[in-house]
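J.: Take a look at this one; I'll ask things after.
The values are calculated or read from the model by the stated rules, or taken from the named source; none is laboratory data. These numbers were taken from a predicted model, which means no experiment stands behind them. Reconstructed Cβ throughout: ideal geometry from the backbone, glycine too, with neighbour counts over all protein chains shown.
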Amino acid sequence: MKQFYACVCMMLVAASSATFAQTTGRWTHQIGVEVGPQYAFDATAIASDQQKLMLRDVGVGIGMALNYYYRFDRSLFLSISGAVGVFGNGYFRRQNADGTFPVVNTFYFQNNALVNFAFTGGLRYNFSLTGFQPYVGLEAGTYFIGGGGIRPEGSQTATVNLALTPKAGFRQPLQPGLDLDASVKLIALITGYVPFSYASVNVGVSYALNFQSE
């Protein structure tokens, strides 16, 4: 019986080793797609005239991104991404210093989508290169915010906003050259009408364009 169990264990080890051998390899260029929910946090800023600028009740939206990765070192990757995020609730609003709300520059988008278009570049570091592969990364770039009913007048907003995006996630090989990619991101806008932040949970796949099995 002991010999039987030992034989089974050896077979399992051999099978897992064969799977690793089939799903690990070298590559330089990789493309991917990811999708997932995102949650926006309420935010407040103070304008130069002491009016309070508010973003409220944006809630949960959905986002999708297309990614390109260039592997320039054993564990370091350059990333370039284009993403779109859509929220369907909430409002932008101005509040006077005395607590009253002006009629002008109150922008609701409860029945219209608040849309973000993002173009970012960054770095990713993989802690492992075979099997389960946890990683961390940081991206920075421009975010274009638009959508129904949110066009503040004058110089109260910037069409293009800058943002930083720390992230953490993992890769899991599915087959040669194809990886499952899951991550959590925090997108923090640092300029704009009301600089705000939102978190996203993303799941997708990435495909190596020049995969070579090892």
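J.: Among the residues of segment 37-47, count how many are more than 16 Å from GLY88 (Cβ to Cβ) and either hydroxyl-bearing (Ser, Thr, Tyr) or not in a loop (DSSP other than H, G, I, E, B) (or both).
T.: 4
J.: Which number in (1) of a type outside the set (Val, Ile, Thr); (2) modelled with pLDDT under 70; (3) within 30 Å of PHE144 (Cβ to Cβ) marks the one condition that SER16 misses?
T.: (3)
J.: Sticking with this one: With GLN3, GLN22, GLN50 as the choices, which residue is modelled with pLDDT of 75 or more and either assigned to a strand (DSSP E or B) or not β-branched (Val, Ile, Thr) (or both)?
T.: Exactly one residue qualifies, and that residue is GLN50.
J.: Let me ask something else about it. Which residue pairs have Cβ atoms under 8 Å apart, sit 6 or more places apart or on different chains, and have a first residue in segment 74-88 that is of a type in the set (Ser, Thr, Tyr) and a second that is surrounded by fewer than 19 Cβ atoms within 10 Å (Cβ to Cβ) and not in a strand (DSSP E or B)?
T.: From residues that are of a type in the set (Ser, Thr, Tyr), the pairs are SER75/PHE127; SER75/LEU129.
J.: OK, next. Scan segment 165-192 for residues that are under 16 Å from GLY36 (Cβ atoms) and β-branched (Val, Ile, Thr) and jot them down.
T.: Across segment 165-192, the qualifying residues are THR165, VAL184, ILE187.
J.: If you take the residues in segment 183-202 that are over 10 Å from the mean Cα position of the chain (by Cα) and assigned to a strand (DSSP E or B), which one is modelled with the lowest pLDDT?
T.: Selected residue: LEU189.
J.: State which residue is farthest from PHE127 (Cα to Cα) when the search covers only segment 157-182 and only residues that are surrounded by fewer than 19 Cβ atoms within 10 Å (Cβ to Cβ) and under 11 Å from the mean Cα position of the chain (by Cα).
T.: LEU164
J.: Would you mind telling me which numbered condition in (1) modelled with pLDDT of 80 or more; (2) closer than 28 Å to TYR143 by Cβ SER75 fails?
T.: With (1) modelled with pLDDT of 80 or more; (2) closer than 28 Å to TYR143 by Cβ applied to SER75, the lone miss is (2).
J.: Considering (1) more than 15 Å from the chain's Cα centre (by Cα); (2) in a strand (DSSP E or B); (3) at pLDDT 85 or above, say which one GLY131 fails and leave the rest.
T.: Evaluating GLY131 over (1) more than 15 Å from the chain's Cα centre (by Cα); (2) in a strand (DSSP E or B); (3) at pLDDT 85 or above leaves (2) as the failure.
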